[in-house]
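Data first, discussion second: the structure below is written as structure tokens.
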Amino acid sequence: MFDQILQFLLTGITVGSTYALVGLGFAIIYNASDVVNFSQGEFVMIGAMSAVALSAGDTGLPLWAAALAAVLITTLVGMALQRFAIAPARGASVVTTIIITIGASIFLRGVALLVWGKDLFALPPFSGNEPILIGNATVLPQSLWVMGGAAVLVFGAQYFFTHTTLGKAILACSCNKTAAHLVGINVGVMLLVAYGLSAALGAMAGILVAPITFASYDTGVMLGLKGFSAAILGGMGNPMGAVAGGLLLGLIESLSAGLISSGYKDAIGFIILLLVLFFRPSGLFGKASVERV
């Protein structure tokens, strides 16, 4: 029984690491611009599919070069989304901006369908496919890449926001855009950087997980929903809370699939999310806000 639990935990951490990166992307954009970007999942899809396309065939790029190019492409897509879809709607209601991001998600998915079709694709594993034994449980080398890559990206993002001038400027915009503008911060550029960073994180999540889960034009739909759930579960206003929410959601899904039924893993995860929203709307790690009028 212990070995089974260990196997479920390893699987949950792998899946949760992906959710954590997607949830972190949601939290970064929300903190910078108060926009819930429902096209975040498409950044994961574009990163994975671009890496597959660029590395395919005898004339394809080496995997590392294809991955870097895919991250760059996805970053540019994220910045274009902010520049041509979000920025023109400045001052619009929350519902309007949500509809814009949903529309952008549908558009990007449609373009991916035209370019790559409905086929499933996969990247080759980064370091072989021979399972590693941990006790009587097994873990794929690519799962270690997912866990380690997610940890590096999360700590890197934390360092960026707390120890660099650019990161602190983005945080200043998230706290008070007017005050940030008055002290000389170019708010528009900071929002552009935030969207680019969020897209890059999504792309790297897609590239890390593509050798395990495969990729297709609609991969981003469910990952986007799970990343959003992770951000809500941990606290949308707290990037590290979104990361913790992603890991927690992955563990809940894996344990419920193994101990109860795989058919209920999504339902159980969303039920817990609804309970958190009902009893603690700010999320498990978010701070409750009070507005005085």
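The values are calculated or read from the model by the stated rules, or taken from the named source; none is laboratory data. These figures come from a predicted structure and were not determined experimentally. So basically every Cβ, Gly included, is an ideal-geometry build from the backbone, and we count neighbours across all protein chains shown. SASA here: full protein model, heavy atoms, side chains in, ligands and nucleic acids out. Shrake-Rupley method; radii C 1.70, N 1.55, O 1.52, S 1.80 Å.
When the gyration tensor of segment 198-293 is built from Cα positions, what are the square roots of 5 times its three eigenvalues, in whole Å, from largest to smallest? Can you show the working numbers first?
Details: eigenvalues 127, 71, 21 Å².
Semi-axes from the Cα gyration tensor: 25, 19, 10 Å.
Can you tell me the dipole magnitude for the chain around its Cα centre, using point charges on the Cβ only (Lys, Arg +1; Asp, Glu -1), in Debye to the nearest 20?
Numbers: 11 positive and 10 negative charges, 172 e Å.
Its charge dipole is roughly 820 debye.
For segment 99-239, report the convex hull volume of the alpha-carbon atoms normalised per residue, in Å³, without decimals. Spell out each step's value before the answer.
Values: hull volume 21.3 nm³, N = 141.
Spread over its residues, the Cα hull of segment 99-239 gives 151 Å³ apiece.
Given the -39500 (n - 2.57) contribution per DSSP H run of 4+ residues, what per-residue ellipticity at 222 nm results for the chain, rounded to the nearest 500 deg cm²/dmol? Write down the numbers at each step before the final one.
Numbers: 11 runs with 209 residues, N = 293.
So the calculated ellipticity at 222 nm is -24500 deg cm²/dmol.
Given (1) 19.0, 65; (2) 17.5, 49; (3) 18.1, 55 as candidate values of Rg and Dmax of the Cα atoms in Å, which corresponds to the one derived from the coordinates?
Comparing each candidate, only (1) matches the computed number.
What does the charge count around GLY12 come to, taking other residues whose C-beta lies under 13 Å from its C-beta (Lys +1, Arg +1, Asp -1, Glu -1)?
Around GLY12, the charge tally is +1.
Before I look further, what does the chain give for accessible area per residue, probe 1.4 Å, in whole square angstrom?
Solvent-accessible surface per residue comes out at 49 Å².
Which value, in Å² rounded to 10, gives the accessible area of HIS163 with a 1.4 Å probe and all protein chains present?
Rounded to the nearest 10, the figure is 120 Å².
Straight distance only, please: which aspartates and glutamates reach the Cα of LYS265 with their own Cα at less than 19 Å, same-chain residues fewer than 8 apart left out?
GLU253
Report the relative contact order of segment 93-166, percent, no decimals, based on alpha-carbon pairs under 8 angstrom and at least 6 residues apart. Kindly include the intermediate steps, with their values, before the conclusion.
On the way: 24 pairs, mean separation 11.3, N = 74.
The normalised contact order for segment 93-166 reaches 15 percent.
Quick check: residue separation of LEU76 and ILE268 times 0.36 nm, minus the Cα distance between them. What number comes out in nm? Each step should come with its number before you reach the end.
Details: separation 192, 0.36 × 192 = 69.12 nm, distance 3.61 nm.
Computed gain between LEU76 and ILE268 is 65.5 nm.
Pull up all non-local amide H partners of GLY235: gap of 5 or more, or a different chain, and H-to-H distance under 5 Å with H placed in the peptide plane.
Placed amide hydrogens put LEU284, PHE285 under 5 Å from GLY235.
Let me check I've understood the local charge: for ARG109, count other residues with C-beta under 10 angstrom from its C-beta, Lys and Arg +1, Asp and Glu -1. What total comes out?
So the surrounding residues net to -2.
Hey, can you list the DSSP H helices of the chain whose Cα span along the axis is 24 Å or longer and whose average Kyte-Doolittle score is at least 1.0? Don't jump to the answer; show the numbers that get you there.
Numbers: long enough: 2-33 (45 Å, 1.17); 63-81 (27 Å, 2.21); 94-116 (33 Å, 2.09); 141-163 (32 Å, 0.83); 187-213 (39 Å, 1.98); 239-259 (30 Å, 1.43).
Helices meeting the span and hydropathy rule in the chain are 2-33, 63-81, 94-116, 187-213, 239-259.
Can you send over the carbon and sulfur percentage of the accessible area for segment 139-228, probe radius 1.4 Å, protein chains only?
On the way: 2890 of 3900 Å².
Roughly 74 percent, rounded to a whole number.
Compactness ratio of segment 1-100: Cα Rg over 2.2 N^0.38 Å, N = residue count?
Numbers: Rg = 17.7 Å, N = 100, 2.2 N^0.38 = 12.7 Å.
So segment 1-100 has a normalised radius of gyration of 1.40.
Given an 8 Å cut-off on Cα distances and at least 6 residues of separation, report the relative contact order of the chain as a percent. Before the final figure, lay out each step's value.
Numbers: 501 pairs, mean separation 105.5, N = 293.
36 percent.
Taking H as built 1.01 Å from N, whose amide H comes closer than 5 Å to the amide H of ALA137, not counting residues under 5 places away?
none
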